Amino acid sequence: MKPKIEHTQFGSITIDGSVFDHDVILRLGGKVRKRRKKLSKRVYGTSHTISLDEAKHVYEEGAERLVVGAGHHGNVTLSDEAAAYFERKGCVVELEPTPTATRTWNHATGAVIGLFHVTC
């Protein structure tokens, strides 16, 4: 079952009653996992650009859509390699500021996964 994002503010996100003070990945089966942003940071020196390695970690076979909460100021982007990877997998990426992306997530249907950056 897809978890519901109840609230977000700079530095945290509330999902199904649990508050997370770190970036999260939402899986097809409904599990919430901590984002492994070091996969991008070691390539780009920042977690604001999603690397190919992180894209491979985030993607799940069968996912048709990825909703990315790009931070409250929309600072997160996909690297060209990550964008090409998701395209090859047939997974449409929607990159929006986190407050907007939470609404997109809550209204999404089908095989959707998510990545939410909770700060800038």
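Structural remarks
- Given (1) under 14 Å from the mean Cα position of the chain (by Cα); (2) open to solvent by less than 40 Å² (accessible area, probe 1.4 Å), number of the condition residue 11 does not satisfy: (1)
- Where strands (runs of 3 or more DSSP E) sit wholly within the stretch 41-120, those with at least 2 residues that are modelled with pLDDT of 95 or more and under 20 Å from residue 19 (Cα atoms) occupy 65-70, 112-117.
- The residues in the stretch 18-28 that are open to solvent by 60 Å² or more (accessible area, probe 1.4 Å) and of a type outside the set (A, V, I, L, M) can be counted, and the count is 1.
- Residues satisfying the stated conditions in the stretch 65-119, i.e. of a type outside the set (A, V, I, L, M, F, W, C) and open to solvent by less than 10 Å² (accessible area, probe 1.4 Å): 69, 71, 79, 98, 114, 117
- Some residue of the stretch 32-39 being assigned to a helix (DSSP H, G or I) and either without any contact (Cβ under 8 Å) to a residue 12 or more places away in the chain or buried (at least 17 other Cβ atoms within 10 Å of the Cβ) (or both): yes
- For residue 19: the one exception among (1) outside any loop (DSSP other than H, G, I, E, B); (2) hydrophobic (A, V, I, L, M, F, W, C); (3) over 17 Å from residue 95 (Cα atoms); (4) touching a residue at least 24 places away in the same chain (Cβ under 8 Å): (4)
The values are calculated or read from the model by the stated rules, or taken from the named source; none is laboratory data. The model shown is predicted, which means the values in this text are computed figures rather than measured ones. Every residue, glycine among them, receives a Cβ derived from its backbone with ideal geometry; neighbour counts consider all protein chains shown. What goes into the accessible areas is simple: the full protein's heavy atoms, side chains included, and nothing from ligands, DNA or RNA. Shrake-Rupley method; radii C 1.70, N 1.55, O 1.52, S 1.80 Å.
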